[in-house]
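The values are calculated or read from the model by the stated rules, or taken from the named source; none is laboratory data. This one's a predicted model, so the numbers in the text were calculated from it and none came from an experiment. Here Cβ is always computed from backbone atoms with ideal geometry, including for glycine, and neighbour counts include all displayed protein chains.
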Amino acid sequence: MTKDVEFGIKEQLITKEEIQKRLKELGEQITEDFKNENEPLIVVGLLKGSIVFMADLIREIRLPLEIDFIEASSYGEGIQSSREVKILKDLRSTISGKNVLVVEDIIDSGFTLKKVLQLLGSRNPKKVSLCTLLDKPERREVEVDVQYVGFEIPNEFVVGYGLDFNENYRNLEYVGIAEPSVFE
Ligand SMILES: O=P(O)(O)OC[C@H]1O[C@H](OP(=O)(O)OP(=O)(O)O)[C@H](O)[C@@H]1O
Ligand code: HPA
Ligand SMILES: [Mg+2]
């Protein structure tokens, strides 16, 4: 752990070991839930935050699957949702009649997922399920139906394991809370 990457981290909220353990449980549960389906699963990651979690999670799912990505952005440079969720990149796959598992790093206000789930739902998939590494329920402003949650977290802006502040910290192996001075 080099000092410059960690600069500005107040505490580790979820350690690398805790993440690895929970990922195995989620992978087992998803495998169990989809093992009798005939269609291959399409795992859809939301760029950019989900990439680290998705890369690890798919290797814990013991089923044939395909991957694809959507990019949505609402936070820009701040720590508050702009509430205006823009779709910056759409899927390459056709999801009509397929089982889709959306993989997200965090559900905060819920605006991002509401928009993405509406978009995917309009394309006649067989079923859309949602797996998020982190859930911050205290901040929810719109309801989102989520089937798989890694960890519920308190109302703190977190970084690491894919999550950024101003595009930094995504490469940390753990989920941490940044020093207040970082956000000023
Ligand atoms: O529930 P919400 O309040 O909508 O917040 C959650 C979303 O916000 C972040 O994305 P961001 O817009 O920062 O894009 P990024 O994944 O590229 O960092 C995060 O990765 C989630 O996708
Ligand atoms: O706590 C957070 N950290 C990083 N990105 C986020 N996007 C929504 N909430 C968060
Ligand atoms: Mg972000």
Check: N171 is checked against (1) within 16 Å of ligand 3 (Cβ to nearest atom); (2) surrounded by 13 or more Cβ atoms within 10 Å (Cβ to Cβ); (3) not in a strand (DSSP E or B) and fails just one. What number does that condition carry?
Finding: (2)
Next item on the list: Could you tell me whether any residue of segment 134-146 is within 12 Å of ligand 2 (Cβ to nearest atom), at pLDDT 95 or above, assigned to a strand (DSSP E or B) and within 25 Å of Q29 (Cα to Cα)?
Entry: yes
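Residues that are farther than 20 Å from D164 by Cβ and not acidic (D, E): does segment 12-20 have at least one? Step through it out loud before you land on a result.
Restricting attention to segment 12-20, the residues satisfying the condition of being farther than 20 Å from D164 by Cβ are 17-18, 20.
Subsequent filtering for residues that are not acidic (D, E) retains 20.
Scanning segment 12-20 turns up at least one residue that is farther than 20 Å from D164 by Cβ and not acidic (D, E).
Would you check which residues across segment 92-110 are over 16 Å from the mean Cα position of the chain (by Cα) and either small (G, A, S) or part of a loop (DSSP other than H, G, I, E, B) (or both) and list them? Steps first, answer last, please.
From segment 92-110, those over 16 Å from the mean Cα position of the chain (by Cα) are 92-99; that's our starting set.
Across segment 92-110, the qualifying residues are R92, S93, T94, I95, S96, G97, K98.
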Item checked: Matching residues, segment 48-91, being part of a loop (DSSP other than H, G, I, E, B), within 11 Å of ligand 1 (Cβ to nearest atom) and under 18 Å from V116 (Cβ atoms) -> K48, G49, S50, S74, Y75, G76, S81, S82, R83, E84, V85
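Give the residue, chosen from R170, R123, that is more than 25 Å from Q29 (Cβ to Cβ), of a type in the set (K, R) and touching a residue at least 40 places away in the same chain (Cβ under 8 Å).
Numbers: R123 fails: touching a residue at least 40 places away in the same chain (Cβ under 8 Å).
Residue meeting the stated conditions: R170.
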Note to self: I'm trying to understand the selection: among the residues of segment 56-65, which are closer than 21 Å to I95 by Cβ and either surrounded by 15 or more Cβ atoms within 10 Å (Cβ to Cβ) or under 13 Å from the mean Cα position of the chain (by Cα) (or both)?
What the structure shows: L57, I58, I61, L63, L65
Checklist line | From the options V116, V175, residue that is modelled with pLDDT of 95 or more, in contact with a Leu (Cβ under 7 Å, 6 or more places away or on another chain), β-branched (V, I, T) and more than 23 Å from E6 (Cα to Cα) | finding: V116
Next item on the list: Check whether at least one residue in segment 119-128 is surrounded by fewer than 20 Cβ atoms within 10 Å (Cβ to Cβ) and either assigned to a strand (DSSP E or B) or within 11 Å of ligand 1 (Cβ to nearest atom) (or both), and report yes or no.
Entry: yes
Notebook entry, point to check: When you go through (1) buried (at least 16 other Cβ atoms within 10 Å of the Cβ); (2) closer than 30 Å to E39 by Cβ; (3) within 16 Å of ligand 3 (Cβ to nearest atom); (4) of a type outside the set (D, E, K, R) one by one for L101, which number turns out not to apply?
Noted result: (3)
